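Below is one structure; the comments refer to it alone.
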Ligand code: DGL
């Protein structure tokens with residue numbers, strides 16, 4: 001297939017999508033990756049659907065102009081609100097992070113309550129609830145006969161708007177962050193969910209603290225890990241994997257402040273970041 005050796009495009013509202021980038025790199029070590037972080041316009045999580053679609057479409061064009069073979073919308077907010085629009089006219093396959101996270105949640109929940117946390121825009125969109133219900137219907141349909149109802153479990157969704165700034169400030173082990181986690185999650189944990197979906201790029205950085213707050217008795221689902229798996233499987237099934245060879249190349253583009261991206265991004269990736277450039281986005 002002509003696309004095999006083209007890069008994978010990954011984008012996010014800023015640097016949070018590096019948690020998804022990291023998982024993709026782990027699962028696909030030979031692939032060339034191009035990451036775009038919209039650091040000039042982050043956060044997306046408190047913006048309107050129209051604005052998020054506009055920003056995402058501009059980045060989408062930037063990545064397709066680079067000749068990518070597939071695009072991963074690493075940002076949960078953009079996946080919740082812009083994915084349908086992006087897919088409508090796309091010339092390459094487009095993956096979001098919601099569907100893979102929702103699928104895993106259904107498998108992990110065993111019919112019990114599911115919790116989802118994310119930005120205000122993601123939670124308001126109810127994208128995870130919709131994807132979870134779709135997955136249940138599809139599983140019921142596949143089992144034969146008419147799709148049954150989703151059952152009596154509840155999906156508990158909660159916006160946690162302070163988590164992103166706390167992570168970006170590097171306050172990962174501070175009391176203020178533990179307090180914020182308890183503040184947002186106490187009502188969620190009271191619903192005794194079997195699993196909790198980290199529906200925002202930054203939340204994997206808080207995974208251990210969240211697990212502690214939940215008393216350890218819950219499965220934490222990282223949408224980034226599930227998305228990386230889905231992308232790998234898709235490329236494999238469609239004969240689009242790059243032929244194995246040396247480790248894949250990496251290019252990072254940002255819309256503002258390369259230094260800050262590098263400094264914080266290295267904390268997200270736990271290693272050095274090279275090849276960062278400032279990008280003009282075509283309007
Ligand atoms: N990347 C966003 C997300 O996953 C979080 C940061 C933002 O609000 O832009 O929803």
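The values are calculated or read from the model by the stated rules, or taken from the named source; none is laboratory data. Quick caveat, the model's predicted, so the values are computed rather than measured. Here Cβ is always computed from backbone atoms with ideal geometry, including for glycine, and neighbour counts include all displayed protein chains.
Values as computed for the structure displayed
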item	result
Qualifying positions in the range 81-98 - touching a residue at least 60 places away in the same chain (Cβ under 8 Å) and within 16 Å of the ligand (Cβ to nearest atom)	95, 96, 97, 98
Those helices (runs of 4 or more DSSP H) lying entirely in the range 107-191 with at least 3 residues out of contact with any helix residue (DSSP H, G or I) (no Cβ under 8 Å at 6 or more places or on another chain), under 30 Å from residue 263 (Cβ atoms) and modelled with pLDDT of 95 or more	175-189
Among the candidates 264, 198, residue that is touching a strand residue (DSSP E or B) at 6+ places or on another chain (Cβ under 6 Å) and either within 16 Å of the ligand (Cβ to nearest atom) or under 22 Å from residue 73 (Cβ atoms) (or both)	198
Within the range 244-283, tally of residues that are in a helix (DSSP H, G or I) and surrounded by 12 or more Cβ atoms within 10 Å (Cβ to Cβ)	11
Members of the range 215-231 that are part of a loop (DSSP other than H, G, I, E, B), surrounded by fewer than 18 Cβ atoms within 10 Å (Cβ to Cβ) and at negative phi	217
Filtered residue count, the range 40-77, keeping only those that are in contact with a strand residue (DSSP E or B) (Cβ under 6 Å, 6 or more places away or on another chain) and over 14 Å from residue 91 (Cα atoms)	5
Condition check for residue 207: within 16 Å of the ligand (Cβ to nearest atom), without any contact (Cβ under 8 Å) to a residue 24 or more places away in the chain and either surrounded by fewer than 18 Cβ atoms within 10 Å (Cβ to Cβ) or in a helix (DSSP H, G or I) (or both)	yes
Which listed residue is at negative phi and buried (at least 24 other Cβ atoms within 10 Å of the Cβ), from 81, 33, 86	81
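Per-residue answers, yes or no, for (1) free of Cβ contacts under 8 Å to residues at least 40 places away in the same chain; (2) within 17 Å of residue 254 (Cα to Cα); (3) within 12 Å of the ligand (Cβ to nearest atom); (4) part of a loop (DSSP other than H, G, I, E, B):
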residue	(1), (2), (3), (4)
6	no, no, no, yes
19	no, yes, yes, no
29	no, no, no, yes
43	no, yes, yes, yes
46	no, no, yes, yes
51	yes, no, yes, no
58	no, yes, no, no
63	no, yes, no, no
79	no, no, yes, no
